[in-house]
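The values are calculated or read from the model by the stated rules, or taken from the named source; none is laboratory data. This one's a predicted model, so the numbers in the text were calculated from it and none came from an experiment. Ideal geometry is used to build each Cβ from the backbone, glycine not excepted, and the neighbour counts take in all protein chains shown.
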Amino acid sequence: MIQKGDISHILRKLRLIWVTDFLRYHIQKIKNRRANKHFRKTHPEVALPPDYLIYESFQLHYKKYYTESRETAQWLIGHFEKHIELAQKNILDWGCGPGRLIRHLPALIGPGCSYYGTDYNRASIEWCRTHIPDVQFNLNQLEAKLPYPDDFFDVIYGISIYTHLSEKMHYEWHRELSRILKPNGIMFMTTQGDPFRVKLTEPESVRYQQGQLIVRGQVKEGHRTYSAFHPTSFMEQLFSNMKIEEHIVGQPEKGKWLPQDIWIIRKNK
């Protein structure tokens, strides 16, 4: 019996995975056309990125993109506040895309904090710089190198960013993020953990069980179709130079997207 993971491997070998994803984008565009037109008409004050940038970072449904992202930003703040007081803090959205979450933080947290976003997608950063005035944005490369000084950020978060990186880039980016995080600062990261084992082929599942990072490449690294799956033991090794404050394993709910694991780690003083 052919499983989803097998189909993914076949499409990647045939160099068709990106084409398939682009077709999915157009299907979403057609499916949500009426709802999106209504949202634009009733919310002309909301700046929305170009459709493909929305699709890359979420799903092509304007109301869900804007309102659910605000709710997610509030949820994110709740996790931060369990571990650090959000006053006069420097906060970085690593892999910010078109600012889906960071755009909401200044209003939700209030004055006093400084907000930053970085991403390797030039179109996303250009859009953010034009439309999100309360955040400082940086265009980075896939190479793990950022222009910020050592020990600069109090909070760094990355929502589904490690999920699109190779094993080598996991370690290189963790070193760079560790460099710019203040002592006693926190990182909040999400990964494709145990709930995603249902997507793995049998050989992948065996290697995952052995603690190996599973990477599906053959597309541009960093793109939404480049996918990594994260055993707990691999992440514990990756974060071994820090204190793991929380590891929340995703709990699947029927009819909803598979939930990613949450990792909250603290840099030693």
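Applying the condition of being more than 16 Å from HIS174 (Cβ to Cβ) and exposed (fewer than 13 other Cβ atoms within 10 Å of the Cβ) to the range 228-251 and asking which residue is modelled with the lowest pLDDT yields GLN251. Taken together, GLN88, GLN74 contain a single residue that is in contact with a Cys (Cβ under 9 Å, 6 or more places away or on another chain) and modelled with pLDDT of 95 or more, which is GLN88. Hey, does the range 223-244 have a residue that's over 25 Å from GLU176 (Cα atoms) and not β-branched (Val, Ile, Thr)? No, there is no match, as no residue in the range 223-244 is over 25 Å from GLU176 (Cα atoms) and not β-branched (Val, Ile, Thr). Applying the criterion of being touching a residue at least 40 places away in the same chain (Cβ under 8 Å) and either touching a Gly at 6+ places or on another chain (Cβ under 7 Å) or loosely packed, with under 15 Cβ neighbours inside 10 Å (or both) to the residues of the range 136-152, the residue that is nearest to ASN184 (Cα to Cα) is PHE137. Looking across the range 122-167 at every residue that is in a loop (DSSP other than H, G, I, E, B) and within 13 Å of the chain's Cα centre (by Cα), the one that is nearest to VAL219 (Cα to Cα) is identified as LEU165.
Please tell me if GLU236 is out of contact with any Phe, Trp or Tyr (no Cβ under 7 Å at 6 or more places or on another chain) and closer than 23 Å to SER57 by Cα. No.
Is there a residue being surrounded by fewer than 20 Cβ atoms within 10 Å (Cβ to Cβ) and either touching a Lys or Arg at 6+ places or on another chain (Cβ under 7 Å) or among the aromatic types (Phe, Trp, Tyr) (or both) anywhere in the range 185-196? For the range 185-196, residues surrounded by fewer than 20 Cβ atoms within 10 Å (Cβ to Cβ) and either touching a Lys or Arg at 6+ places or on another chain (Cβ under 7 Å) or among the aromatic types (Phe, Trp, Tyr) (or both): absent.
Against the condition free of Cβ contacts under 8 Å to residues at least 60 places away in the same chain, of a type in the set (D, E, K, R), closer than 15 Å to ASP119 by Cα and out of contact with any Cys (no Cβ under 7 Å at 6 or more places or on another chain), how does GLU176 come out, does it pass? Against the criterion (free of Cβ contacts under 8 Å to residues at least 60 places away in the same chain, of a type in the set (D, E, K, R), closer than 15 Å to ASP119 by Cα and out of contact with any Cys (no Cβ under 7 Å at 6 or more places or on another chain)), GLU176 qualifies. Looking only at residues in the range 210-227 that are touching a His at 6+ places or on another chain (Cβ under 8 Å) and of a type in the set (D, E, K, R), the one that is surrounded by the fewest Cβ atoms within 10 Å (Cβ to Cβ) is GLU221.
Does the range 96-114 include one or more residues that are farther than 24 Å from ASP261 by Cβ, assigned to a helix (DSSP H, G or I), touching a residue at least 40 places away in the same chain (Cβ under 8 Å) and of a type in the set (Gly, Ala, Ser)? No, the range 96-114 contains no residue that is farther than 24 Å from ASP261 by Cβ, assigned to a helix (DSSP H, G or I), touching a residue at least 40 places away in the same chain (Cβ under 8 Å) and of a type in the set (Gly, Ala, Ser).
Does SER178 meet the test of being surrounded by fewer than 21 Cβ atoms within 10 Å (Cβ to Cβ), part of a helix (DSSP H, G or I) and either hydroxyl-bearing (Ser, Thr, Tyr) or out of contact with any Leu (no Cβ under 7 Å at 6 or more places or on another chain) (or both)?
On the way: surrounded by fewer than 21 Cβ atoms within 10 Å (Cβ to Cβ): yes; part of a helix (DSSP H, G or I): yes; either hydroxyl-bearing (Ser, Thr, Tyr) or out of contact with any Leu (no Cβ under 7 Å at 6 or more places or on another chain) (or both): yes.
So SER178 passes the test.
For the range 239-269, a residue qualifies if it is free of Cβ contacts under 8 Å to residues at least 12 places away in the same chain and either under 18 Å from PHE153 (Cβ atoms) or under 16 Å from the mean Cα position of the chain (by Cα) (or both), and exactly one does: TRP257. Could you tell me which residue of the range 27-68 is surrounded by the fewest Cβ atoms within 10 Å (Cβ to Cβ), considering only residues that are at pLDDT below 95 and not in a helix (DSSP H, G or I)? The selected residue is GLN59. Looking at the range 45-63, is at least one residue more than 21 Å from the chain's Cα centre (by Cα) and of a type outside the set (Gly, Ala, Ser)? Yes: one or more hits.
Of all residues in the range 54-73, those being under 13 Å from GLY97 (Cβ atoms) and either touching a strand residue (DSSP E or B) at 6+ places or on another chain (Cβ under 7 Å) or not polar (S, T, N, Q) (or both) number 5.
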